[in-house]
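Chemist: Questions regarding the structure given below will be posed in turn.
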Amino acid sequence: MSRENINVPESILFYAFRYALHRKTYAVKDVQDEIIINWSKLSPNIQERIQKEINEDIAQLNSIDKPLWDAICKLEISSMPIRSQRPEGRLIKEKDEKKQ
């Protein structure tokens, strides 16, 4: 499956995070992976909100999923996004950045 043509607003990734936070399905790992892959593209505000919500709920999270949630909490919060966002708020993938 190709990933290079998928661009979503960071809000969609945040919604997926909120959905996955208390689930016990394969979707949790998929969302966790996408958060880690796109971390540097997320705004500092979204990064902080994700870490805050994980920390608030860590005791209630599925033990199988805790290591990846912990890994997200250890990611550094950017002082500013490393990669810019398109005006419509969509995350820019590596392929798009090379064109700019």
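The values are calculated or read from the model by the stated rules, or taken from the named source; none is laboratory data. Bear in mind the structure is a predicted one, so any value in this text is a computation, not a measurement. Cβ: placed from backbone, ideal geometry, glycine included. Neighbour counts: every protein chain shown.
Chemist: For the stretch 20-100, which fully contained helices (runs of 4 or more DSSP H) count at least 1 residues that are at pLDDT 85 or above, polar (S, T, N, Q) and surrounded by 12 or more Cβ atoms within 10 Å (Cβ to Cβ)? Explain how you work it out, then say what you get.
Modeler: Details: elements: 26-38, 44-57, 66-73, 94-99.
Counting at least 1 such residues, we get 26-38, 44-57.
Chemist: If you scan the stretch 1-19, which residues turn out to be in contact (Cβ under 8 Å) with a residue 60 or more places away in the chain and surrounded by 12 or more Cβ atoms within 10 Å (Cβ to Cβ)?
Modeler: Asn7, Val8, Pro9, Glu10, Leu13
Conditions tested, residue by residue: (1) in contact (Cβ under 8 Å) with a residue 60 or more places away in the chain; (2) under 21 Å from Ser78 (Cβ atoms); (3) within 13 Å of the chain's Cα centre (by Cα).
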residue: Lys24; (1), (2), (3): no, no, no
residue: Val28; (1), (2), (3): no, no, yes
residue: Trp39; (1), (2), (3): no, yes, yes
residue: Leu42; (1), (2), (3): no, yes, yes
residue: Asn45; (1), (2), (3): no, yes, yes
residue: Arg49; (1), (2), (3): no, yes, yes
residue: Leu61; (1), (2), (3): no, no, no
residue: Pro67; (1), (2), (3): no, no, no
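Chemist: Could you list, in sequence order, all residues of the stretch 32-76 that are of a type in the set (Lys, Arg) and under 14 Å from Arg18 (Cα atoms)?
Modeler: Arg49, Lys52
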